[in-house]
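The values are calculated or read from the model by the stated rules, or taken from the named source; none is laboratory data. Treat the numbers as computed from the prediction; the structure is a model and nothing was measured. Here the Cβ positions follow ideal geometry from the backbone for every residue, glycine too, while neighbour counts run over all protein chains shown.
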Amino acid sequence: MSEQKSSALLKLLSDYSFKRITEIPEPDLGLAEPRPYPFLAIVGQTEMRLALLLSVINPSVGGVLLIGPRGIGKTTAVRSLTGILPHIEVSDCEEGVLAEDLAQLDPEDAKYLYPDCYEKFANGEAISHYESVKLIELPLNARVEDVVGGINERAAVHRNIVRVERGILSRADNNLLYVDEVNLLDDQIVDLILDAAAQGNYTVRRGAVSGTYRSRFVLIGSMNPEEGRLRPQILDRFGLRVNVRGLDSHEERAEVYYRSRLYKHNPTRFIREWELATAEARDEILIAREILKKTVISDGAIGLGISLVHRLSIDSHRAEYSLFEAARAYAASDMREQVSVEDIKTVAPMALRQRRSEFMTSFFELQDKEDVEIAKIADEVLHE
């Protein structure tokens, strides 16, 4: 990590890293309501938490892949994100347009492109509403029909109506989609998820019936490398990658145990202890999202990023895109509207690690040698 001054969000992570809860929790009331572990109560693992924060501040980062052994808090960290995320604006229009989008268009163009919403917008009526962000988890045994949607069998049998039901990808629109053990998922399903994430929508066709659904979500995956690897083309589709390891500090490991015991004994009381910190983080993220809209990258930061990609012999253009978008999110989290070279240095390991391909490097070197040999033989033939 860079030695630069910590961003506001990083300072929050640090300030609460060793917050002590001195009161013994009250007896649990037996409520079964699921309550995620507080995000800021996670001990250490700064890079993992930073990567997750950057991805929710700026979904254009391209998602996060967490790689590490079992039992180190990957799933706990992902599930805890819902507690710090502010409500999001969701369009009521079929095309998913928001008021700020219409305001930037010429009135005639807006009326032609979005007829169902422009009249409401022009009359000052609301064309959107706010709702909380949800975490949609993809089961490991999910079928293709579960993921993209399929025919509603009950309606087809009992009412003789053929209708396409939404799948998990559609329900994940404007939310977080979490794929645990992504390396064990069927390749076809992984491809469907990645294509939908890249395009922002997907189409389901079942005979004569079809439907197109929006799928703009933040993709988060986790995996244990002991249980198998991901294909290179899938690895490249995740914007940031974090290698998550167990904590080295004895004090930190003891704190993990201490907090886990208190949380399991009475989650309601434990979560209440972190309400103020959670509210602060939620406000910081909301502000960062607004600042992100005006955040630009300096020429020096662009130059450093391109040079890093070139020196590391990375071919994929997703590398610099994820790098620059993550740097914009990092600058916005620090309440700045311009990305510096220090921001690039901070996020570069997460955005560029594991993107190099020894196979492709060797392949192109061999092709270059063959091209030189072909040109040499051609010259010899010409001079005979």
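Mind checking whether some residue in the stretch 358-372 is among the polar types (S, T, N, Q) and in contact with a helix residue (DSSP H, G or I) (Cβ under 9 Å, 6 or more places away or on another chain)? No, the stretch 358-372 contains no residue that is among the polar types (S, T, N, Q) and in contact with a helix residue (DSSP H, G or I) (Cβ under 9 Å, 6 or more places away or on another chain). Within the stretch 52-68, the only residue that satisfies the criterion of being part of a loop (DSSP other than H, G, I, E, B) and surrounded by fewer than 22 Cβ atoms within 10 Å (Cβ to Cβ) is Gly68. Take the conditions (1) under 21 Å from the mean Cα position of the chain (by Cα); (2) closer than 21 Å to Val242 by Cβ; (3) at pLDDT 90 or above; Glu342 misses just one of them, which is (1). Here the condition is being in the same structural domain as Gly228 (by TED's automatic domain parsing) and assigned to a loop (DSSP other than H, G, I, E, B); of Gly44, Gly124, it holds for Gly44 alone. Restricted to helices (runs of 4 or more DSSP H) entirely inside the stretch 162-275, those with at least 2 residues that are under 21 Å from Gly62 (Cβ atoms) and small (Gly, Ala, Ser) are 187-199. Annotation for the stretch 93-115: at least one member residue is at pLDDT below 75, among the basic types (Lys, Arg) and either assigned to a helix (DSSP H, G or I) or in the same structural domain as Gln45 (by TED's automatic domain parsing) (or both). The criterion of being within 30 Å of Asp248 (Cβ to Cβ) and either exposed (fewer than 12 other Cβ atoms within 10 Å of the Cβ) or modelled with pLDDT under 85 (or both) holds for Gly71. A count restricted to the stretch 99-115 and to residues that are over 31 Å from the mean Cα position of the chain (by Cα) and exposed (fewer than 15 other Cβ atoms within 10 Å of the Cβ) stands at 6.
Taking the stretch 249-262 on its own, how many of its residues are under 30 Å from Leu219 (Cβ atoms) and of a type in the set (Asp, Glu)? Qualifying residue count for the region: 1.
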